[in-house]
1. For region 146-189, which residues satisfy the criterion of being among the aliphatic types (A, V, I, L, M), within 16 Å of residue 362 (Cβ to Cβ) and not in a strand (DSSP E or B)?
2. Could you grab the pairs with beta carbons closer than 6 Å, sequence gap of 6+ or different chains, first residue in region 282-305 and more than 19 Å from residue 68 (Cβ to Cβ) and in contact (Cβ under 8 Å) with a residue 24 or more places away in the chain, second one among the aliphatic types (A, V, I, L, M) and part of a loop (DSSP other than H, G, I, E, B)?
3. Which residues, counting only those in region 304-326, are under 28 Å from residue 72 (Cβ atoms) and within 20 Å of the chain's Cα centre (by Cα)?
4. Determine the pairs where a residue that is β-branched (Val, Ile, Thr), located within region 140-156, has a partner that is at pLDDT below 80 and surrounded by 18 or more Cβ atoms within 10 Å (Cβ to Cβ) with Cβ atoms under 7 Å apart, the partner being 6 or more residues away or on another chain.
5. Here is a check on your reading of the model: is residue 258 within 13 Å of residue 365 (Cα to Cα) and of a type in the set (Phe, Trp, Tyr)?
6. Based on what the data block shows, is residue 124 touching a residue at least 12 places away in the same chain (Cβ under 8 Å) and outside any loop (DSSP other than H, G, I, E, B)?
7. Can you tell me which residue is farthest from residue 264 (Cα to Cα) among those in region 147-168 that are among the β-branched types (Val, Ile, Thr) and surrounded by fewer than 19 Cβ atoms within 10 Å (Cβ to Cβ)?
8. Answer with yes or no whether residue 375 is closer than 21 Å to residue 88 by Cα and among the polar types (S, T, N, Q).
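The values are calculated or read from the model by the stated rules, or taken from the named source; none is laboratory data. Only a predicted model underlies this, so the values are computations on that prediction, with no experimental measurement involved. Positions of Cβ are backbone-derived with ideal geometry, glycine not excepted, and every protein chain shown enters the neighbour counts.
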Amino acid sequence: MKPRSRKWRAAAVALMVVAGAVAWMARGRRAFEPVAPPSDGPPPPAPAAFAATVPALTLAPGPAPSGMVWIPGGEFSMGAADPRGLEHGGHEPMSDARPIHRVYVDPFWMDATEVTNEEFERFVKATGYVTVAEQKPTREEFPTAPLANLKAGSVVFTPPSVEVPLDDHYRWWSYVAGASWRHPEGPGSDLRRRGRHPVVHVAYEDAVAYAAWAEKRLPTEAEWEFAARGGLSGKLYPWGDDLKPGGRWAANIYEGRFPIRGADLGEDGHVGVAPVGQFSPNAYGLYDVAGNVWEWVTDWYRLDYYATLGPGVARNPRGPADSFDPAEPTEKKRVHRGGSYLCTEQYCTRYMIGTRGKGEVRTGSNHLGFRCARSASARAGV
């Protein structure tokens, strides 16, 4: 459900039609790798075993920084079982989320919500920062592209008007000139009445720059998952195993026939991105760790990373030393977590806890944001 590779954008620079054409300008606004279409495939294996989470019960060192909550740290089982065959599990095996393994993380602070437009705007006003999406691509980046196509922009969900096969993400994602955090759907859109929406169209370096200004940092993948689980172990969602506990939606995801224009039924109360904090928080006080927008974490993405950790308990893992995605081996990708408002069991169920996303580091989109962390021992910054 998410664009992620730079080839996406590179291929489209030569094809780009300004303001809404299906064009992929890859550099930092490159692509999202396609998710495999449904297939019968082999049956899923028996669910992997999860052991209980053991919180460290560490007391907070002082009052919570504004907008942050205390995450006590501790030991937990990280990863996700193959969800195929489960109710609402979807068709993806989620093989990059296994083997399930034990991890210990130190205590830390974490933003209760995703960083919002109003928060990001304060950063930009204070620093004059210009995001990747607002920077014009250069001839050096795209030597074969027509000069007229080298326009600043980002990747936007542009659904077709009719049902389409789910085997080609180009059918519902477009590179839109002029799209950025200020203009989420491109020229003509703005941030009016969206101050409390999560900021989107942020590349990894944009998120890092904001975090440094705020005297925080991005969380590691292990920290993010420990916090998102809220002390629960092996559950499908941050709140338990039922997608709709008590018959009520608990996250902003896609309901309806994906990806047809106007087909999102909005049964969860929202069509598109929702303001932060619209659903109940998890047990640690975190909002929107399933759905709404994807979130950057610091770890490089490797399909096989969990398998390299070996037996025992990994302490404060920070991910592999480099990135490697067999689907796009030349692209440098970092991990995304949490899924988005476009996730659906028809195509992508990565709002399920423990599952992983990935994205080229200079690629943003209108369903990708971030939240920050701060180490317990730090007065400020990391």
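1. Across region 146-189, the qualifying residues are 150, 152, 179.
2. From residues that are more than 19 Å from residue 68 (Cβ to Cβ) and in contact (Cβ under 8 Å) with a residue 24 or more places away in the chain, the pairs are 290/251; 291/251; 291/253.
3. Those that are under 28 Å from residue 72 (Cβ atoms) and within 20 Å of the chain's Cα centre (by Cα): 305, 306, 317, 318, 319, 320.
4. 155/3; 155/29
5. It is false that residue 258 is within 13 Å of residue 365 (Cα to Cα) and of a type in the set (Phe, Trp, Tyr).
6. no
7. Looking at residues that are among the β-branched types (Val, Ile, Thr) and surrounded by fewer than 19 Cβ atoms within 10 Å (Cβ to Cβ), I get 164.
8. Taking the combined requirement at face value, the residue does not satisfy it.
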